1. From the phi angles alone, apply the Karplus equation (6.51, -1.76, 1.60; θ = phi - 60°) to region 515-522 and give each ³J(HN,Hα) in whole Hz, x where the residue is Gly or Pro.
2. Provide the packing ranking of 181-187, 91-97, 395-401, i.e. peptides ordered by the mean count of other C-beta atoms within 10 Å per residue, highest first.
3. Given H placed 1.01 Å from N in the peptide plane, which residues other than close sequence neighbours of Ala214 have an amide H under 5 Å from its amide H?
4. Using modelled backbone amide H atoms (1.01 Å from N, in-plane), which distant-in-sequence or interchain residues come within less than 5 Å of Glu44's amide H?
5. For Ser389 paired with Lys491, estimate the spin-label separation in nm (one decimal), with each label point 7 Å from Cα along the Cα-to-Cβ line.
6. If you take the square roots of the eigenvalues of the alpha-carbon gyration tensor of region 295-403 and sort them as a ≥ b ≥ c, do you get rounded (a/c under 1.5), prolate (a/b over b/c) or oblate?
7. For Thr597 and Asn171, compute 0.36 nm times the residue count separating them, minus their Cα-Cα distance, and round to one decimal in nm.
8. Which value in Å does the Kirkwood hydrodynamic radius of region 439-591 take, with 1/r averaged over all unlike C-alpha pairs and then inverted?
Amino acid sequence: MSKRILALLIFFTFTLHAQDADAPRYSFTEFFNLIDEENDTIFELSNAVIYSNNETDSAYFMSINSLALDMLTEIPLAPLPTTKTINKHLVLNQVYFEDLKFNWSYESFAILKNIHFKKSLSLNDTHGIKFYACRFDGKFDLDYSNNQSSSYKSVHVIRNTFNNSVSIVSNNENSELHPEMQLSIVSNRFNFNEDNSLRIEDDHTIIYTLYVAANIVSGGRFTTINIISPENFELNYNEFKSKAIHLNISIGDIAPKELRIIENKFHSYVSFFLANPVPSLDIGWKQFRNKLVTPNGYLRYSQELLRGMSLEEWKKIDVSHKDRYKFYINHYRVENEKAYDTEMSSYGTLYNFYKEKFNKRNANEVYIELKDLETQRLEHLYHTKPSTSGFFKWKMNQFLKVFSDYGTNPTKSIIFSMYVILLFGAIYLFFPNSWDYHGKYRIVHRYGFLMQYMTRTANIQDIYLERRQCDFEEHHKFEAVIAESNNKVPKFFTFSAQLLNKWAKADSLVVAFLLKRVDVLKGKWVELSKGKKRWKAVLLITMLVIGIIYDIFIKVLNALMLSINTFTTLGFGEIPIKGLPRYLAIVQGFIGWFLLTIFSVSLISQLME
């Protein structure tokens, strides 16, 4: 096996050297000397190899470790200053940059770094090139549509600043994937005006891995990323700041084996479509929340908008009316049946994807947006063709959204139930009910008791027992019955009856005992000296406040229990309240039945999933 591998390596090396044998070779220093010596404003180089010379090209070497750390960043790195300026339009056709320089102590990349390109840069079928900390004032075009090389090497675009349009295109039906071809676009800043755009199209590609991460795109007419068939594609940690940006991500007929789209920040609507399942797929939903648009539906809208319109008119609309996506979101996809079906299908695909990944939170959020779109559609259908059935379908969806997020959030029903219970409890608080013995006179009785205590010589315990005399008369009558029945009935009856009578009087006796311990007045208020009146007034007011707080607590508790009883439709066979609140209690019972039903169904649905 080892001999076979060695033979393949020798053959592969021979093939590479045979391929480049006739191509002129220039070191990095010689390459830039050629550019400086060119008298024309355009420098063009074709079918050449740029290699690294250990003796002359040290200014272009960069440690692999340093570059790797920048490529792994999750936040955009700050731009670096440039040290070299090129004031010519560069055109490179089928130029290969040898990327590695080996040294016994370390290995490093030969790289184009800290260069200010004032004019445009056109790279056709050029590979192995790497840009680091460069500035581009002209257009940047990287095109692999010709695909005339038998071997491709990685291209890295890292920590650069682009002030003009950027186009990276690979479109050739006869192309094949090259395992060593990786395109990395990392930690760059794209500062665009209204006429600029970022375009990355990977259609019938040579690119094996496409990695776009930690970039900041500001401004521009549009940003397009169309991905068809790379083995690996990642779009992570980028920020698309301008509201004029419309990002289109399409995964087409030949889906990649690995796809990650996570932690991006989109300040505009996102057109996204996944045609086929991907073996390894990671898509974060938070970045797409309330911004998702399907390309097919929006394309239909654009075609109708373009019909009978010139390109110049279209551009004016794109610049002056940046809410075309907003109109599509709020109107067209709701009113057009085919666009609506396309959007629902797209949401359904993502919903199923998150369910299969057991990502319940994201699945629920996608489902909520899907049902929001359905609610908008039902509203449109009702206004277009009013009907009783259509009205209730529309309102039912709205109701389910408010009270349970369409059945995905059972706790929301409980929270609203608590609000309903508290609201009706506050209403019942101001009306008497048969559960509250003292009713609205509870605090009045408290005042009367204390005023009677302050105007009489009797102690507080005696006044309390006197006010409970009616209750004690019943106990005295029962004691007489027990005494009369003594020796006439079994002793068990008399003994247990005495215990029962003492237990019935216990609460009043306990209160009387406690009141005796807090008897602070010991006489009439008017008979006290001025000094005693001052501090005993404080004690009496404290007693009054404590009593009132207790009375209010009991009254609130009664109202709350009445509200809970009515809400849960227990009833106990009656509605213990009269007047207007009696009818409100019936309404509350209906609301409670409805909310508790929603809670039960939502909970069962979540448990089943």
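1. Running phi through 6.51 cos²θ - 1.76 cosθ + 1.60 with θ = phi - 60° gives 5, 4, 6, 10, 6, 9, 7, 6 Hz.
2. Highest mean packing first, the order is 181-187, 91-97, 395-401.
3. Correct list: Ser187, Asn236, Tyr237, Asn238.
4. Val91
5. It works out to 8.2 nm between the two label points.
6. Cα axes put region 295-403 in the oblate bin.
7. Once the chain is fully extended between Thr597 and Asn171, it gains 147.7 nm.
8. So the Kirkwood estimate lands at 19.5 Å.
Read the figures in this text as sums done on the coordinates, not as results from a lab. Please read all numbers here as calculations on a predicted model, not as lab measurements. Note that each Cβ is placed from the backbone with ideal geometry, even for glycine, and that neighbours are counted across all protein chains shown.
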